[in-house]
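What follows is a set of notes on a single structure, which appears directly below.
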Amino acid sequence: MGSSILPDLGAEILIPVCAVIGIAFSLVQWLLVSKVKLSPGRDSGSPGNNGAGGKNGYSEYLIEEEEGLNDHNVVIKCAEIQTAISEGATSFLFTEYQYVGIFMVAFAILIFLFLGSVEGFSTKSQPCTYDKSKMCKPALATAIFSTVSFLLGAVTSVVSGFLGMKIATYANARTTLEARKGVGKAFITAFRSGAVMGFLLAANGLLVLYIAINLFKLYYGDDWGGLFEAITGYGLGGSSMALFGRVGGGIYTKAADVGADLVGKVERNIPEDDPRNPAVIADNVGDNVGDIAGMGSDLFGSYAESSCAALVVASISSFGINHELTPMLYPLIISSVGIIVCLITTLFATDFFEIKAVKEIEPSLKRQLIISTVLMTIGIGIVSWVALPSSFTIFNFGDQKAVKNWQLFLCVAVGLWAGLIIGFVTEYYTSNAYSPVQDVADSCRTGAATNVIFGLALGYKSCIVPIFAIAISIFVSFSFAAMYGIAVAALGMLSTIATGLAIDAYGPISDNAGGIAEMAGMSHRIRERTDALDAAGNTTAAIGKGFAIGSAALVSLALFGAFVSRAAISTVDVLTPKVFIGLLVGAMLPYWFSAMTMKSVGSAALKMVEEVRRQFNTIPGLMEGTAKPDYATCVKISTDASIKEMIPPGALVMLTPLIVGIFFGVETLSGVLAGSLVSGVQIAISASNTGGAWDNAKKYIEAGASEHARTLGPKGSEPHKAAVIGDTIGDPLKDTSGPSLNILIKLMAVESLVFAPFFATHGGLLFKIF
């Protein structure tokens, strides 16, 4: 078997050190962003103020952009708008966290009661699940520690989302002000802010998990099976918070969007992002709570779950049985190296290459994905050589499978490269630089109906390559290292999470920057620059969603494998009626969930429209611009509506595994998990890409950058109106239903895994009666 080259002490030092480096790097980026001042009276054009000398597109633009460089009113106005957005986002998240806090406590009690009752709350040691000859800690201990790790995961997820939202609202106005000095400066400010979020989240997730494992070890000692089974609660906590963040934030952002447009643009005939519109702040707040806080919690959940799934399988493999600490912590070491790789990659965007023109923005962001993937492949190779013994065994449904360290390297690498492929396919189908979106735009000539038909077809077609990529990575990783291979393949896809999140958070920050430029009354040249940043951000957001969906598919399959092992099912036979009815019901769940979230957007938007109308009718001087609208009430309406509407979809996802497990047992539940995974992935990919394509088809017509686009435009033309209809239909698809579905498939799997001991002992009540 042999032992690993890296000693245990080395692994114990490497993991926290990398996490601390990640946190330190994000603080440095934050300091660089904070050098852009939001108070007038200081020459904000001093070239050295962003730590990059005279680079990054100053020289060409400074001369032609002197018109508004020291306009104090603009700076003050930007600061005011930014404060309003920040207050709105904070108020929403606090309200959301109050409700979610109640749920957290209730669910924690449920975990404790269900898992504690497995052995009748006995405090005696029990025979181990996988090796009856040894004695392990009692089920009561698993109940207590699972509850603690659930709360830890939930709190970390909430903090990740909240910090991301704070940095995004801190950076949006600064990006607007930097746009006066050129597109390069604005890009760097937005990208650095995204990096703050990416690194904070990756490092925090890793550090909290590592500390939890070490604290739990004080009690569990040599019982690693029990220890890592209790750690699975961490993933459950992370994902259950992400579900509410994603659904609530998604409903919020789209309700505010529709409300602001209907009353402002249509009824009152004021421009988009006009500060007199009471819903305009809520609209900008929505970008931060949905796309930033929701996305942050979502990817943190994926990361926590794939780590937990890998650790559970490893604890019952040779690593856990022989108590080899370094190979046991292999999943965490991959994530640690990922932080360092992403750090180097980020420097390519902020320090090594300067952006001088608009057309360089998107290639620079794509370069981030490629550089991080290539460097990470080398990193994984080194880690697999140093941290793993040359050969070892992996638990494979009751047997031990012999595996070599190079095979495990291939498992992680195949996940990593599948992620890149999914990212690029998503970009091909959603960026208006390529023919699919241009075809959708072209179909607007004959009206909205053909636009919708083309858009739907594009979404369905965009599933093909990602599904093959996921299928190949599953086949390769399972062939080499059983379920552990799939878990580390998911980790491979998420190993560059810091860069992925930086690119993803960049989008909403640029979007907000454009809104602030409009509200502060800046020149159209500046608006053009922020629009260029925003257009690139739109595509990168779609790539981020592709990553999240791809990793969710692998993560939930790995969790499914861990659940099947834990529930002591030897095979899942599709031909047995118990399993087949589960498959059918599971495949239906994503449709039911999507129906709920889509309808919620509609009903939340209705309430918003009524409130905006009320303010225009009752606040004197609002239309003239002499009175300030009551932004807070609008934000509160959107908040309350979205929180009320997020509870039914959340309950559907959280209660399904419990009801199925208790009444129908583990076989039916395994069918439900498989069914929801298979159908959920397809709907999630097609919904996100259809919505993204419609949005960019509209932007393609509006920008009028090519001869073809100009034949369809300008704004207000019939093809443009058809494109706007497609965009409105696509909004809830790409920002509410699509992104929430990947949480549905992961969350049901991780919840089933946490409750597996209870279901295996007491589940299947209906079948026991009959």
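Quick notes on this one:
- Extreme residue, most open to solvent (accessible area, probe 1.4 Å), among residues of segment 18-36 that are over 23 Å from the mean Cα position of the chain (by Cα) and free of Cβ contacts under 8 Å to residues at least 12 places away in the same chain: L31
- Complete set of residues in segment 226-269 that are among the basic types (K, R), part of a helix (DSSP H, G or I) and in contact (Cβ under 8 Å) with a residue 60 or more places away in the chain: R246, K254
- Within the set L215, L236, L163, the sole residue that is surrounded by fewer than 24 Cβ atoms within 10 Å (Cβ to Cβ) and within 24 Å of I743 (Cβ to Cβ) turns out to be L163.
- Members of segment 610-661 found to be open to solvent by 40 Å² or more (accessible area, probe 1.4 Å), acidic (D, E) and touching a residue at least 24 places away in the same chain (Cβ under 8 Å), listed by number: D630, D640
- Residue match in segment 221-238 (condition: at pLDDT 90 or above, within 17 Å of S297 (Cα to Cα), in contact with a Leu (Cβ under 8 Å, 6 or more places away or on another chain) and among the aliphatic types (A, V, I, L, M)): yes
- Top-ranked residue of segment 316-341 - restricted to ones that are among the small types (G, A, S) and modelled with pLDDT under 90, ranked as farthest from the chain's Cα centre (by Cα): S318
- Residue ranges of helices (runs of 4 or more DSSP H) in segment 428-541 with at least 2 members touching a Leu at 6+ places or on another chain (Cβ under 7 Å): 435-442, 464-494, 497-519
- Residue check, L554 open to solvent by 10 Å² or more (accessible area, probe 1.4 Å) and modelled with pLDDT of 85 or more: no
- Taking segment 385-401 as the range and being assigned to a loop (DSSP other than H, G, I, E, B) and at negative phi as the test, the residues that pass are L388, P389, S390.
- The set of residues from segment 351-371 being assigned to a loop (DSSP other than H, G, I, E, B), out of contact with any Lys or Arg (no Cβ under 7 Å at 6 or more places or on another chain) and surrounded by fewer than 22 Cβ atoms within 10 Å (Cβ to Cβ) comprises F353, K356, A357.
- Unmet criterion (only one of (1) farther than 22 Å from S306 by Cα; (2) part of a helix (DSSP H, G or I); (3) open to solvent by 50 Å² or more (accessible area, probe 1.4 Å); (4) not acidic (D, E)) for V374: (1)
- Any hit, segment 522-539, residues being at pLDDT below 85 and under 22 Å from I467 (Cβ atoms): yes
- The residues listed here are G507, G521, G459, G492; of these, the one that is open to solvent by 10 Å² or more (accessible area, probe 1.4 Å), in contact (Cβ under 8 Å) with a residue 12 or more places away in the chain, of a type outside the set (A, V, I, L, M, F, W, C) and closer than 30 Å to F191 by Cα is G521.
- Verdict on I281 being open to solvent by 10 Å² or more (accessible area, probe 1.4 Å), β-branched (V, I, T) and under 27 Å from the mean Cα position of the chain (by Cα): no
- Flag for F150 being surrounded by fewer than 24 Cβ atoms within 10 Å (Cβ to Cβ), within 25 Å of A304 (Cα to Cα) and in contact (Cβ under 8 Å) with a residue 60 or more places away in the chain: no
- Residue in segment 385-393 that is under 22 Å from the mean Cα position of the chain (by Cα) and either at pLDDT 90 or above or over 24 Å from S479 (Cα atoms) (or both) present: no
- Subset of segment 316-326 that is open to solvent by 10 Å² or more (accessible area, probe 1.4 Å) and assigned to a helix (DSSP H, G or I) - its residue that is farthest from G164 (Cα to Cα): I321
- Residue match in segment 332-339 (condition: surrounded by 18 or more Cβ atoms within 10 Å (Cβ to Cβ), outside any helix (DSSP H, G or I) and of a type in the set (S, T, N, Q)): no
- Taken over segment 557-582, the criterion of being crowded, with 21+ Cβ neighbours inside 10 Å and more than 23 Å from K132 (Cα to Cα) is satisfied by L557, A558, L559, F560, V579, G582.
- Of all residue pairs spaced 6 or more apart or on separate chains, those with beta-carbon atoms under 9 Å, a first member in segment 531-554 that is under 22 Å from G184 (Cβ atoms) and of a type in the set (A, V, I, L, M) and a second member that is open to solvent by 10 Å² or more (accessible area, probe 1.4 Å) and not in a helix (DSSP H, G or I) are A535/N432.
- Residue within segment 426-435 that is open to solvent by less than 10 Å² (accessible area, probe 1.4 Å) and farther than 30 Å from V196 by Cα present: no
The values are calculated or read from the model by the stated rules, or taken from the named source; none is laboratory data. This one's a predicted model, so the numbers in the text were calculated from it and none came from an experiment. Cβ coordinates were reconstructed from backbone atoms using ideal geometry, including for glycine residues, and neighbour counts include every protein chain displayed. When the accessible area is computed, the model is the full protein with side chains, heavy atoms only, and any ligands, DNA or RNA have been set aside. Shrake-Rupley method; radii C 1.70, N 1.55, O 1.52, S 1.80 Å.
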